[in-house]
Amino acid sequence: MTVWQRADLGAVVTVDTEGSITLPLIGSIRAAGQTPNRLGDELTRRFSFVDREVSQVTVAVLKYNSRRVFVMGEVLEPGAYAFAQIPGVWEVIREAGGPSPDAALSRVRVIPPDGAGAPRVIDLDQVLATGDFSALPPLTAGSTILVPRVETVGPEGDVVYVMGAVTEPGAVSIDAAPNVVQAILAAGGAGPEANLSQIRVTRPGSVRARVFQIDLNSYTDEGVLFGNMALLPGDTITVPRNNAPRVARFLRDVVAVTVGAIGTILVFRNVNNNN
């Protein structure tokens, strides 16, 4: 963000999880859904109330964090990649350095964000051989592309996939993860925002995938046996995120501000009483 008449107000800011940015003097402003030009006009209007000399604010997007796609497994540079417009599966894999020599391109998995749908297995070898990219599923923000190793590929591979709010999402051996709890532990454990009561296990089928809803809280608190269901090769465990940590942080901040305000009032009253 550049404020032409006030260089000291220029800044590089990040849009928060609520879609807003916070700036000195003018506070919070909604950025999500706005073009850079429209946001610049709104910032110009806001800043002009503070300083009448401000007549132009320009906004440039440096990085599109909200349009990220995750690439995991046998690529040269696995990680998260941000795009202005999300391209196709093969283009994203190339952006990640391309497949490694051990990549099994015949069984690439495309996993929707937060388990919004069943994972799709695609044969990139065939797509590249025919040149018909129209059969590839479109990607959305938060999608994960998982490229397995050649030696893990069987009818469904001797692995299960753990995605979502875990420390190390990806493929883990079925030997190390025979059930849901051990699969999550093999993926580094659940993250602080994990919703353990809404875990989904997606199991591929010959016609359509089956999805099982798992409540690990019931398993740990009440000993419900189904909560720790046994897994089969090719299963995908999705641990969704919840908003509880965000709410907790908000409440913590509100309490901190409130306590600070009460303390200020008490000090002020004491000073007045002493006088």
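The values are calculated or read from the model by the stated rules, or taken from the named source; none is laboratory data. As the structure is a computational prediction, the values presented were derived from the model and not from experiment. Here the Cβ positions follow ideal geometry from the backbone for every residue, glycine too, while neighbour counts run over all protein chains shown.
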Notebook entry, point to check: Of the residues Phe83, Phe70, which single one is among the hydrophobic types (A, V, I, L, M, F, W, C), within 25 Å of the chain's Cα centre (by Cα) and closer than 26 Å to Asp235 by Cα?
Noted result: Phe70
Notebook entry, point to check: In this structure, is Glu156 charged (D, E, K, R) and either assigned to a strand (DSSP E or B) or at pLDDT 85 or above (or both)?
Noted result: no
Checklist line | Conditions (1) modelled with pLDDT under 85; (2) outside the structural domain of Ser134 (by TED's automatic domain parsing): number failed by Thr22 | finding: (1)
Notebook entry, point to check: Of all residues in region 15-60, which are out of contact with any Leu (no Cβ under 6 Å at 6 or more places or on another chain), in a loop (DSSP other than H, G, I, E, B), among the β-branched types (Val, Ile, Thr) and surrounded by 11 or more Cβ atoms within 10 Å (Cβ to Cβ)?
Noted result: Val15, Ile26, Val54
Check: So which strands (runs of 3 or more DSSP E) are wholly in region 99-152 and hold at least 1 residues that are among the acidic types (Asp, Glu), modelled with pLDDT of 90 or more and under 20 Å from Ala84 (Cα atoms)?
Finding: none
Checklist line | Verdict on Arg45 being among the basic types (Lys, Arg) and over 25 Å from the mean Cα position of the chain (by Cα) | finding: yes
Check: Do you know which of the residues in region 95-115 that are free of Cβ contacts under 8 Å to residues at least 24 places away in the same chain and touching a strand residue (DSSP E or B) at 6+ places or on another chain (Cβ under 9 Å) is nearest to Val147 (Cα to Cα)?
Finding: Gly98
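Would you check if there is a residue in region 62-81 being touching a residue at least 24 places away in the same chain (Cβ under 8 Å) and farther than 22 Å from Met163 by Cα?
yes
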Check: Out of (1) at pLDDT 85 or above; (2) farther than 21 Å from Arg120 by Cβ; (3) not in a loop (DSSP other than H, G, I, E, B), what's the single condition that is false for Asn217?
Finding: (1)
Note to self: Consider region 1-14. How many of its residues are among the hydrophobic types (A, V, I, L, M, F, W, C) and in a loop (DSSP other than H, G, I, E, B)?
What the structure shows: 5
